[in-house]
Amino acid sequence: MVTFNRSTTNLKQTLSTPTHQTDDIIDINTETSKKTDELTILNESIHISIPLSSSLSITQRFYEFYNAPITKFWYNAIFYLLFLFLFTYMVLVRTPLRPSIAEYIVTIYLATSAIDTAREICTSSSPRFRRRLILYFSDFVHICDSLAILVYGIGFLLRFRSSTLYIARLLYCLDVSYWWIHLLTYISVHKSVGPYIHIAAQNLIDLFNFIIIILVVMVSFGVSRQAIKYPNELCDDYNSGTLSNDYTHCRLSDENDLRKTSIINNDVSVDFVLENKNVDNQSIEMVTFNRSTTNLKQTLSTPTHQTDDIIDINTETSKKTDELTILNESIHISIPLSSSLSITQRFYEFYNAPITKFWYNAIFYLLFLFLFTYMVLVRTPLRPSIAEYIVTIYLATSAIDTAREICTSSSPRFRRRLILYFSDFVHICDSLAILVYGIGFLLRFRSSTLYIARLLYCLDVSYWWIHLLTYISVHKSVGPYIHIAAQNLIDLFNFIIIILVVMVSFGVSRQAIKYPNELWSWRSVSACFGGFIAFSNLSLQYNTVGTYQLIKLQVTPSK
């Protein structure tokens, strides 16, 4: 192997000198020989493969063969298969009190994998160790491999005690499942199977995003179903499988706002929020800077050594300062924290950052959601519980915030403010959900209407679980799928209207012909849809007799 690595060696002498070795391998035509002068000016890395001759010793030949990429791949794949078969055999048979030979071999294999992982991190090109860890674990496969090795290590430590031997065996069983799936990384190099593996992996990512959406919807209706079906449950009656048996929205800016962002010196970002308000030239003297007042003209036009160190304003920006002064602007300048800021100012800036606001809103919303779910799953007492008071306070503050948002709107007329606010469908649903909860909270103080209040709570908690999707929609992967699903639901609703009209048209005729002597009742109206819904009057009762589970089908005939 001859390597010219980033050098300017004369290729004319290498490629044109006639020797009996190069003539056997490289056939250079006349065009190539004419272009050797052009190749000499290139700083390239050229690898010329020369076959092994008698000049190479047996050790060198073995070294070249051993370090070939195809050889490394195959012996890694073969040893991985042996490890996998031993691991499979180890978990399929009974786990003894003392480790077997197969278990020791599997442990040594995974220990060497852990050592190789540490070697790869330590030999990284990054000078900082923290940066090396970030680069290594940026690959999802590396994260899974490290977790699988860690799980096996925990299981290996637990297997020496008889009390934790079964837990160790469970960890082994979970671990071997991952290592079998990890075999796909070796199969993916195949030219036929590899593309299908990558397509399947991408589809699994998309499927996982849809599963998140489906899970939220399932939980929303599952909580309501469980709460309505079992209204007298106590907290002690619940186990880990109760819910499983039933199978942020952060508006960082208004869409009407015009935002312009410029990055200056890679440290300072200036955001201009331009509103539809025109004022005089003299009135724009102040700029919002950490809720302090600073002269805008002095900040943007006066050259000082402090502003020159932070903001590099080109000539075009300086010419446009007069144009900017005719707008009523709110300028937010984000500057890295320095020693000049006090602890109070730092805490204030951190608290008012958009990402911080989003996360504490999301966290408190989850706490409210869990409390609301707990409140409807257990029996509703005659007097409100602490959880119910907390949920009521949360929704009351949401109602106050809704009123604040309406009152602080830019429109001068109150009616116009209401129209603008309720033009968003989410705002309508939020307001109705708060109103439904308020009605339920008023009805719950009387024993005669306590059950109605509980039903309103159950309906309300379903909406708030679905409302969780507005927080998840900000995620870069799941968010687009939520918007796609919402658009598809709108289209599906339009199709349902068409199907409903067709069902009513034929259902009315069918009911009228089949039962000509019926009197008016709502059952006759519901029967118009019965012929189009499969098994509409079919109910299942499950009875257990001995070891066999019998299914009784009770069909209620239509009158």
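The values are calculated or read from the model by the stated rules, or taken from the named source; none is laboratory data. Small disclaimer: the values here were computed from a predicted structure and weren't measured. As a convention, Cβ positions derive from the backbone with ideal geometry for all residues, glycine included, and neighbour counts pool all protein chains shown.
Kindly evaluate Arg413 against the criterion of being in the same structural domain as Thr380 (by TED's automatic domain parsing), among the basic types (Lys, Arg) and either surrounded by fewer than 12 Cβ atoms within 10 Å (Cβ to Cβ) or at negative phi (or both).
Yes, satisfied.
Note on the range 449-496: among residues that are more than 19 Å from Asp430 (Cβ to Cβ), small (Gly, Ala, Ser) and modelled with pLDDT under 90, the one that is surrounded by the fewest Cβ atoms within 10 Å (Cβ to Cβ) is Ser477. The residue that is nearest to the chain's Cα centre (by Cα), counting only those in the range 95-116 that are more than 23 Å from His142 (Cα to Cα) and in a helix (DSSP H, G or I), is Glu103.
Residues are listed down the side, and each one gets a yes or a no for (1) assigned to a helix (DSSP H, G or I); (2) in the same structural domain as Asp460 (by TED's automatic domain parsing); (3) within 19 Å of Gly222 (Cβ to Cβ); (4) modelled with pLDDT under 90:
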| site | (1), (2), (3), (4) |
| --- | --- |
| His332 | no, no, no, yes |
| Pro336 | no, no, no, yes |
| Gln345 | yes, no, no, yes |
| Leu371 | yes, yes, yes, no |
| Tyr374 | yes, yes, yes, no |
| Arg379 | no, yes, yes, yes |
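Is one or more of the residues making up the range 93-110 aromatic (Phe, Trp, Tyr), farther than 21 Å from Tyr172 by Cβ and in the same structural domain as Arg132 (by TED's automatic domain parsing)?
no
Just checking, does the range 84-92 include any residue being assigned by TED's automatic domain parsing to the domain that holds Leu171, over 21 Å from Leu184 (Cβ atoms), among the polar types (S, T, N, Q) and at pLDDT below 95? No: the range 84-92 contains no residue that is assigned by TED's automatic domain parsing to the domain that holds Leu171, over 21 Å from Leu184 (Cβ atoms), among the polar types (S, T, N, Q) and at pLDDT below 95. Consider the range 474-521 and keep the residues that are in a loop (DSSP other than H, G, I, E, B) and in contact with a Phe, Trp or Tyr (Cβ under 9 Å, 6 or more places away or on another chain). The one that is nearest to Val436 (Cα to Cα) is Val474.
For the range 520-534, a tally of residues being among the basic types (Lys, Arg) and modelled with pLDDT under 70 returns 0. Return the only residue of Thr112, Thr95 being over 23 Å from Ser146 (Cβ atoms) and either touching a helix residue (DSSP H, G or I) at 6+ places or on another chain (Cβ under 9 Å) or at pLDDT 90 or above (or both). Exactly one residue qualifies, and that residue is Thr95.
Looking at Glu103, Glu64, which one is modelled with pLDDT of 90 or more, of a type in the set (Asp, Glu) and surrounded by 13 or more Cβ atoms within 10 Å (Cβ to Cβ)?
From the options Glu103, Glu64, the qualifying one is Glu103.
Of the residues screened, Phe441 is not one that is under 29 Å from Ala403 (Cα atoms) and in a loop (DSSP other than H, G, I, E, B). Being modelled with pLDDT under 90 and either among the charged types (D, E, K, R) or within 27 Å of the chain's Cα centre (by Cα) (or both) holds for only one residue in Arg159, Arg119, Arg128, and it is Arg128.
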